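Please read the structure below before turning to the comments.
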Amino acid sequence: MKILKFGGTSVGSAASIKAVLSIVKKSYNSGEQPLVVLSAMSGVTNLLCKMAIDASEGKSFQEDLALIETKHFDVIKALIVVRHQNPVFTKLKLFFNEIEELLQGIYALRELSEQSKDLIVSYGERCSTFMVSKISEQDLEASLFVDASHYIKTDSHFGHAHVNDQLTEQLVKSLYLTNNDKLMFVTGFIASNENGRMTTLGRGGSDYTAAIFGSILNATAIEIWTDVNGMLTADPRIVKKAFSLPVLSYTEAMELSYFGAKVIYPPTMIPAFLKKIPIVIRNTFEPDFAGTFIQFESGKTTLPIKGISSIGEISVINLSGSGMIGKSGFSGRLFTLLAREQINVVLITQSSSEHSITFAVNPEDALRAKSLIENEFELEIQANKLINPEIENDLSVLAIVGENMKKTPGMSGRLFSSLGRNGINVRAIAQGSSEYNISVIISKNDLSKALNAVHDAFFAELKKTLYVFNLGTGNIGSTLFKQLESQYDFLLSKNDLEIKVVGISNSKKMLFNLDGIDLANWDSELLEQGEDADLAVFVERMKGFNLPNCVFIDNTASRLPSSYYEGIFQSNISIVTCNKIANSGKYEQYKTLRETAHKHGVDFFYETNVGAGLPIVRVLKDLMLSGDRIVKIEAILSGTISYIFNNFKDEASFYDVVKQAQALGYTEPDPRDDLGGVDFMRKMLILARDAGYPIEAEDVNLGAILPESCLKADSVESFYEELKSENSYFEALKEKARLENKVIRYIGKLEDGIVSISVQIVDDKHPFYALSGSDNIISFTTERYKERPLVVKGPGAGAEVTAAGVFADLVNVGA
Ligand SMILES: NC(=O)C1=CN([C@@H]2O[C@H](COP(=O)(O)OP(=O)(O)OC[C@H]3O[C@@H](n4cnc5c(N)ncnc54)[C@H](O)[C@@H]3O)[C@@H](O)[C@H]2O)C=CC1
Ligand SMILES: N[C@@H](CC=O)C(=O)O
Ligand code: NA
């Protein structure tokens with residue numbers, strides 16, 4: 001035989017009761033001999049409690065009672081054929097009359113005992129179970145209503161009574177003997193004492209009923225049917241990627257439930273545990289899903305841990321003082337005191353010096369615990385052997401759970417590095433003596449971030465999400481969105497990587513959506529739903545969300561964002577940027593940014609600062625990391641100027657070619673930055689710094705391409721006007737090169753820490769002679785690449801290649 005237990009939501013409405021009965025029928029017809037245990041309809045127990053309290057306070061309860069009546073009657077009307085409805089209505093009506101009489105008594109006396117409360121709430125299970133048995137009877141005649149209070153016998157601890165195992169076993173066995181051909185529908189949660197007074201089994205009571213019946217009757221399994229797909233790796237409301245666990249051991253299930261996962265209440269499993277009866281958690285609303293199988297053994301699995309559970313809010317009490325040293329009786333006295341006063345100690349850590357004890361309690365118990373301790377240890381406190389206990393609030397517990405942990409080294413390392421990487425401070429640590437659980441206490445503000453980060457760290461092979469905040473939606477930004485959108489499915493399916501753009505801002509509007517902004521419609525969404533842009537607010541909001549694996553992308557050419565970089569790193573957010581401003585500002589800033597990113601364990605990627613998507617920054621970094629030394633760098637690193645000199649021939653005027661370069665998306669938003677050489681200067685400066693030279697912008701010898709008048713132009717329009725009027729200057733340059741059979745090149749050089757950029761007219765022997773389009777070329781002469789330098793060449797400007805470079809940096813964040 002098998003126990004099927006259905007919770008409140010499963011019997012909460014006509015539709016769900018239909019689903020319940022189809023599960024029951026399937027089991028019955030397949031010969032599994034089900035015994036069904038039911039809870040009260042969802043919400044009913046709470047209402048019954050509320051009515052009892054209201055009555056005892058002289059408040060009216062009739063409205064709530066009517067609500068409960070309607071809830072049941074609606075189901076009867078929906079699921080029982082008219083000619084069979086009456087007897088069911090009558091029986092329930094009798095129940096409701098009894099409830100009303102009881103409440104009136106309480107109202108008159110203004111007194112509510114635990115005993116009468118148990119009696120009142122017992123009607124919840126009795127009503128639902130009777131009703132469902134009658135609905136079932138229409139189809140399966142064998143259906144039988146069983147009031148478990150006649151069979152489960154307890155002491156008189158009303159509210160959470162203790163079961164008399166022997167007596168209960170006798171009664172349940174005889175019930176079964178006389179009815180084993182029946183399909184029994186048994187009330188969960190309720191029992192009675194030796195005088196026949198109604199008692200209840202406390203929290204998780206219906207599961208307990210199921211476990212009691214299951215263990216006495218040696219069930220093959222106890223199925224707990226609820227409204228979720230079994231036990232999950234984490235709370236799915238916080239960790240969207242949580243998934244359901246196929247197999248758990250009893251211990252793992254207990255550890256997981258202890259801290260959070262409210263699917264089952266651990267003590268209720270003990271009877272099943274003792275008899276090694278498997279418990280299966282299943283979803284009434286997805287009956288085909290296998291759910292979670294909880295058994296004696298942990299089961300074969302490749303998962304490093306089984307799950308992450310948490311307690312959203314706890315308080316911590318710290319006790320310290322010399323009086324604790326070497327006093328073995330101290331903690332005994334402390335915890336006996338707390339146990340006696342029914343203060344649940346969630347977690348304990350003791351410093352190795354035994355100088356202090358830290359333990360966690362529910363916040364509502366914290367003050368009481370503190371004053372109990374102050375009383376108990378009054379003498380020690382007076383003698384300064386113990387410092388007054390301190391309470392810390394707004395904390396949470398996060399615990400990783402799994403039997404495999406014991407055998408697998410490095411689990412705690414993985415936990416702490418993922419917390420550290422995300423800037424989550426660990427207040428205290430406890431490893432359960434079972435080694436099935438490592439718990440940390442962290443700030444409540446960090447809980448959601450921590451759960452997600454730790455989930456990613458342990459189940460990373462399953463899926464990782466990067467949360468992206470993107471600044472700048474121009475040429476590069478908008479192209480990046482297109483690329484991200486079209487590559488989304490591929491990354492998810494082939495790399496288990498999800499990139500969610502959750503914040504976008506340009507200089508006008510900003511938009512946030514933690515579910516991910518739809519990149520097919522980002523522009524209309526930004527326009528319609530966006531708020532007025534404010535960079536400070538954008539950054540603050542991004543920090544405030546406190547997301548794991550978070551990346552800030554700077555796709556602007558603006559100066560403003562760079563002043564926020566340091567603070568962004570300090571908030572453990574990585575930065576990817578194509579904006580060269582931050583890296584080419586003061587050397588001190590360049591240095592601080594790297595140090596800060598390093599200190600906070602986040603990434604700072606800027607491949608597109610030099611040569612757009614071409615691998616230049618990365619190559620230099622690899623050379624340096626592998627111990628090579630740069631002897632000389634020679635390069636053409638302005639895509640715009642390269643394009644101009646490659647296309648400034650024949651009839652085209654210089655002005656026309658510059659315009660074309662801008663139209664092709666090669667230039668900076670302000671083309672004077674390219675033609676004035678500033679953009680190239682920034683790139684050479686960044687390379688020189690990355691090669692180990694602490695130089696400043698002023699140290700670069702920057703030769704000009706343009707005549708003075710163009711350099712002085714104070715707007716882009718007047719700049720273009722000047723280019724037109726200086727046409728003869730450029731023509732002369734072109735003619736000179738043509739006559740000598742040479743080409744014009746704007747070449748940068750780094751040698752011995754000295755950077756210079758100059759216009760050169762080169763012949764076909766020069767390695768930089770043959771370039772086309774917006775090509776960049778860079779040659780690294782190093783100690784290892786001495787005879788023949790390492791050369792990188794290719795398109796060094798343009799939206800597609802730049803966005804692709806930003807994309808590649810992004811994918812590498814946290815990798
Ligand atoms: N075009 C290319 O081939 C390459 C460009 N880059 C870099 O890409 C960056 C972006 O260039 P484009 O997309 O062409 O520029 P763009 O002018 O097309 O777009 C700039 C975007 O930044 C936004 N923006 C400016 N200031 C802002 C602020 N304070 N807050 C929020 N948003 C702000 C603007 O609203 C606009 O959406 C530049 O730093 C450039 O140096 C880097 C490598 C190659
Ligand atoms: N405007 C730049 C683009 C890359 O940084 C260039 O022309 O090289
Ligand atoms: Na690059």
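Taking strands (runs of 3 or more DSSP E) as the structural unit, those lying wholly within the stretch 697-800 and holding at least 1 residues that are in contact with a Pro (Cβ under 8 Å, 6 or more places away or on another chain) and within 16 Å of ligand 1 (Cβ to nearest atom) correspond to 775-782, 790-795. Whether a residue is buried (at least 17 other Cβ atoms within 10 Å of the Cβ), more than 16 Å from ligand 3 (Cβ to nearest atom) and under 25 Å from Glu566 (Cβ atoms) was assessed, and Phe481 does not pass this test. In this structure, is Lys494 surrounded by fewer than 18 Cβ atoms within 10 Å (Cβ to Cβ) and either away from ligand 2 (no atom under 16 Å from the Cβ) or assigned by TED's automatic domain parsing to the domain that holds Leu685 (or both)? Answer is yes for this residue.
Scanning the stretch 801-815 for residues that are among the aliphatic types (A, V, I, L, M) and over 20 Å from Asn646 (Cα atoms), we see that the one that is farthest from ligand 1 (Cβ to nearest atom) is Ala815. Any chance the stretch 591-608 includes a residue that's over 21 Å from Leu810 (Cβ atoms), touching a residue at least 40 places away in the same chain (Cβ under 8 Å) and away from ligand 1 (no atom under 11 Å from the Cβ)? Yes.
So if I check each of Glu390, Glu374, which one is within 30 Å of Lys449 (Cα to Cα), surrounded by 12 or more Cβ atoms within 10 Å (Cβ to Cβ) and modelled with pLDDT of 90 or more? Criteria check complete, one pass: Glu390.
Could you identify the single residue in Thr45, Thr70 that is of a type in the set (Val, Ile, Thr) and surrounded by fewer than 18 Cβ atoms within 10 Å (Cβ to Cβ)?
Thr70
Restricting attention to the stretch 129-149 and to residues that are touching a Ser or Thr at 6+ places or on another chain (Cβ under 7 Å) and in a helix (DSSP H, G or I), the residue that is nearest to Ile23 (Cα to Cα) turns out to be Ser136.
Among the residues making up the stretch 544-581, those that are surrounded by fewer than 24 Cβ atoms within 10 Å (Cβ to Cβ), under 24 Å from Asn422 (Cβ atoms) and touching a Lys or Arg at 6+ places or on another chain (Cβ under 6 Å) are Asn546, Ser571. Looking only at the stretch 590-647, filter to residues that are more than 42 Å from the chain's Cα centre (by Cα) and in a helix (DSSP H, G or I); which one of those is nearest to ligand 2 (Cβ to nearest atom)? Checked the stretch 590-647; the qualifying residue nearest to ligand 2 (Cβ to nearest atom) is Thr640. Restricting the stretch 609-635 to residues that are among the acidic types (Asp, Glu) and out of contact with any Gly (no Cβ under 8 Å at 6 or more places or on another chain) leaves a set whose member that is nearest to ligand 1 (Cβ to nearest atom) is Asp622. The number of residues in the stretch 405-440 being touching a Leu at 6+ places or on another chain (Cβ under 7 Å) and surrounded by fewer than 24 Cβ atoms within 10 Å (Cβ to Cβ) comes to 4. Per the conditions (1) surrounded by fewer than 20 Cβ atoms within 10 Å (Cβ to Cβ); (2) in contact with a strand residue (DSSP E or B) (Cβ under 9 Å, 6 or more places away or on another chain), the sole criterion not satisfied by Ala78 is (2). Whenever a residue of the stretch 84-95 is over 14 Å from Phe145 (Cα atoms) and in contact (Cβ under 8 Å) with a residue 12 or more places away in the chain, its partners that are surrounded by 13 or more Cβ atoms within 10 Å (Cβ to Cβ) and of a type in the set (A, V, I, L, M, F, W, C), lying with C-beta atoms within less than 8 angstrom and at least six residues away or across chains, give the pairs Phe89/Phe73; Phe89/Ile76; Phe95/Cys127; Phe95/Phe130. Remark: pairs (first residue in the stretch 663-684, in the same structural domain as Ser638 (by TED's automatic domain parsing); second residue of a type in the set (Lys, Arg) and within 16 Å of ligand 3 (Cβ to nearest atom); Cβ separation under 9 Å; 6+ apart in sequence or on different chains) = Asp673/Arg682; Asp679/Lys580; Arg682/Lys580; Lys683/Lys580.
Among the residues here, Ser774 qualifies as in the same structural domain as Ile633 (by TED's automatic domain parsing), within 16 Å of ligand 2 (Cβ to nearest atom) and within 47 Å of the chain's Cα centre (by Cα). Within the stretch 225-240, is even one residue in contact with a Ser or Thr (Cβ under 6 Å, 6 or more places away or on another chain), touching a residue at least 40 places away in the same chain (Cβ under 8 Å) and closer than 20 Å to Gln33 by Cα? The answer is yes, given that some residue of the stretch 225-240 is in contact with a Ser or Thr (Cβ under 6 Å, 6 or more places away or on another chain), touching a residue at least 40 places away in the same chain (Cβ under 8 Å) and closer than 20 Å to Gln33 by Cα.
Select from the stretch 198-223 the residues that are of a type in the set (A, V, I, L, M) and closer than 18 Å to Glu169 by Cβ and write down the one among them that is surrounded by the most Cβ atoms within 10 Å (Cβ to Cβ). Among those residues, the one meeting the criterion is Ala210.
State which residue is modelled with the lowest pLDDT when the search covers only the stretch 801-815 and only residues that are out of contact with any Lys or Arg (no Cβ under 8 Å at 6 or more places or on another chain) and part of a loop (DSSP other than H, G, I, E, B). Among those that are out of contact with any Lys or Arg (no Cβ under 8 Å at 6 or more places or on another chain) and part of a loop (DSSP other than H, G, I, E, B), it is Ala815. Only a single criterion out of (1) more than 16 Å from ligand 1 (Cβ to nearest atom); (2) farther than 30 Å from Tyr729 by Cα; (3) aliphatic (A, V, I, L, M) is not satisfied by Val657, namely (2). Close contacts from the stretch 549-578, counting a first residue that is at positive phi and a second that is part of a strand (DSSP E or B), with Cβ to Cβ under 8 Å and a gap of 6+ residues or different chains, come to Asn549/Lys464; Asn549/Thr465; Asn549/Leu466; Asn549/Tyr467; Asn572/Cys550.
The values are calculated or read from the model by the stated rules, or taken from the named source; none is laboratory data. It should be emphasised that the depicted structure is a prediction, and the values quoted were computed from it without experimental measurement. Heads up, the Cβs are rebuilt from the backbone with ideal geometry, glycines too, and the neighbour counts pull from every protein chain shown.
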